[in-house]
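Here is the structure we will look at, set down as structure tokens.
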Amino acid sequence: MGDPTQELISKEIAEARDGYAAARAGGAPEGHHPDRGYLPYRSSALRHPHNPLERVADPDAVELSGPVFGVTDVTDWDADLTAQHVGEPLGERITVTGQVLDRAGRPVRGQLVEIWQANASGRYAHQRDRHPAPLDPNFTGAGRCLTDDEGRYTFTTVKPGAYPWRNHVNAWRPAHIHFSLFGAAFTQRLVTQMYFPGDPLFAYDPILQSVTDDAARQRLVAAYDHDLSVPEFSLGYRWDIVLDGPTATWIEEGRA
Amino acid sequence: MTPPQQTSGQPLLPPTPAQTVGPFYGYALPFPGGPEAVPPGRPDAITVHGVVYDGSGAPIPDALLEFWQADPDGTRSGAPGSLRRDPVTGGFLGRHPHVFTGFTRVATDADGGYAVHTLAPPSSAPYLAVAVFARGLLHHLYTRAYLPVDGAADDALLGRLAPERRATLLAVPGPDRTYRFDVRLQGENETVFLEHA
Ligand SMILES: [Fe+3]
């Protein structure tokens, strides 16, 4: 049996989406997150539990607090991925900014945001990335910052390129930036990916399509914001992030 | 997951969906000293180690684990400084020897193995909270590594699990203050994974 074709993967993507729509019509709750076992993403097959998750509703759970980070953990250089080397990286320079909120709409302040991405050619500074696109000696593609008092983060970087991968024949990832976020609790931890508006690869990509709810999937796509574009310097994208999960303060306020 | 409801009746904002950490986080997320909450060789340090396995029993060489725990004195406020940086060079300074941040991060090696060095958690919360990330895992998983801590009271979660399921959450003591905690994402002896409400 050869590697799956895009046609097969696209059929499975449509089936999963139809299955979700039917479940919704039957009264199932909105699915904000991907199913961990998602057939079109082949790597998920052996890497998701079969047992249902065990529900913990313990007001003393350690997970309702979380690690904290501070000015000791980041430097000013970390948020500008174009300034980490002697020369300027190749590619379209961009500014990516947004607000991190919890589900009650409160800003998530002073928390660590980490990003990593491919360079403008679609190549990661990672030994195991075998895509024969050029490395850029002036771009590593990793950044960090803390959210400010309004929960805002800002990075200066370059727009990453699309890249091929081995899920199926002619599989290409749409351009994306990987994000890692800490909230007020370990239960608010989020690792996700930000996409760029209008990318023609969206429909073909099983990782983005693993979010079967249309509105939820749309929340992974940043907005081009001309007011954020810096004259003579960079194009601006806005991407706000809402963290899931309870916290100790949530419970103190009677919201558990 | 059932979202928490606000008492005010105001609808909650819909959350940003999770996506897999992918295979190439290795130059971005791990940091020097990430697996060491305390300096190596500190006499009261413990080592928690193990292997992460997939549903075929194969070790996973590209998983990332994070551990969060209460301070030995019971507090859960944590402390900054896990990634302590040098403001001159931008490099990593390593953690302050007297500050316990409660947080470790470790990527599995080519054999799927990992080890973290930390302090034993308190009897009031005798476990390390664990978050598991991996290529192929679209949304991270939570579990707990329970340590056989003196004076730990009956635990509600452990108490309601069948013995064979409960065993997957118990770190097994070995020589020299080491504890083995394997993670099985799927299949036989699948680790108990948690959802927090
Ligand atoms: Fe990627």
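The values are calculated or read from the model by the stated rules, or taken from the named source; none is laboratory data. Quantities reported herein were computed from a predicted structural model and do not represent experimental measurements. Cβ sites come from the backbone with ideal geometry, for glycine too, and all protein chains shown count toward neighbours.
Might you let me know whether segment B:118-127 holds any residue that is more than 16 Å from residue B:100 (Cβ to Cβ), surrounded by fewer than 18 Cβ atoms within 10 Å (Cβ to Cβ) and more than 10 Å from chain A (Cβ to nearest Cβ)?
Yes, segment B:118-127 contains at least one residue that is more than 16 Å from residue B:100 (Cβ to Cβ), surrounded by fewer than 18 Cβ atoms within 10 Å (Cβ to Cβ) and more than 10 Å from chain A (Cβ to nearest Cβ).
Is it the case that segment B:70-86 has a residue that's within 27 Å of residue B:151 (Cβ to Cβ) and away from chain A (no Cβ under 11 Å)?
Yes, that holds for at least one residue.
Could you check how many residues of segment A:57-68 are in a loop (DSSP other than H, G, I, E, B) and crowded, with 18+ Cβ neighbours inside 10 Å?
5
Tell me, which strands (runs of 3 or more DSSP E) lie completely within segment A:140-214 with 2 or more residues that are within 16 Å of the ligand (Cβ to nearest atom) and at the interface with chain B (Cβ under 9 Å from one of its Cβ atoms)?
A:142-146, A:176-181, A:190-195
Could you check segment B:87-106 and list, in sequence order, the residues that are within 30 Å of residue A:59 (Cα to Cα), more than 10 Å from chain A (Cβ to nearest Cβ) and small (Gly, Ala, Ser)?
Scanning segment B:87-106 gives no hits.
Of all residues in segment A:69-107, which are in a loop (DSSP other than H, G, I, E, B), within 14 Å of another protein chain (Cβ to nearest Cβ) and in contact with a Phe, Trp or Tyr (Cβ under 8 Å, 6 or more places away or on another chain)?
Of everything in segment A:69-107, those that are in a loop (DSSP other than H, G, I, E, B), within 14 Å of another protein chain (Cβ to nearest Cβ) and in contact with a Phe, Trp or Tyr (Cβ under 8 Å, 6 or more places away or on another chain) turn out to be A:69, A:81, A:83, A:84, A:85, A:104.
Here is a yes/no grid of residues against (1) surrounded by 18 or more Cβ atoms within 10 Å (Cβ to Cβ); (2) assigned to a loop (DSSP other than H, G, I, E, B); (3) modelled with pLDDT under 95:
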| position | (1), (2), (3) |
| --- | --- |
| B:34 | yes, yes, no |
| B:39 | no, yes, yes |
| B:46 | yes, no, no |
| B:50 | yes, no, no |
| B:56 | no, yes, no |
| B:72 | no, yes, no |
| B:79 | yes, yes, no |
| B:88 | no, yes, yes |
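I'd like the full set of residues that are touching a residue at least 60 places away in the same chain (Cβ under 8 Å), closer than 24 Å to residue A:112 by Cα and polar (S, T, N, Q), limited to segment A:178-218.
Result: A:180, A:187, A:188.
On the basis of being over 28 Å from residue B:55 (Cα atoms) and crowded, with 19+ Cβ neighbours inside 10 Å, does residue B:175 make the cut? If you could, list the steps in order and put the result at the bottom.
Details: over 28 Å from residue B:55 (Cα atoms): yes; crowded, with 19+ Cβ neighbours inside 10 Å: no.
No, not satisfied.
Do we have any residue at all in segment A:115-132 that's more than 16 Å from the ligand (Cβ to nearest atom), at pLDDT 95 or above and not in a loop (DSSP other than H, G, I, E, B)? Working first, answer last.
We begin by selecting, within segment A:115-132, every residue more than 16 Å from the ligand (Cβ to nearest atom); these are A:132.
Still in the list and also at pLDDT 95 or above: none.
No, the conditions are met nowhere in segment A:115-132.
Run residue A:245 past the list (1) within 14 Å of chain B (Cβ to nearest Cβ); (2) part of a strand (DSSP E or B) and report the number of the one that doesn't hold.
Unmet condition: (2).
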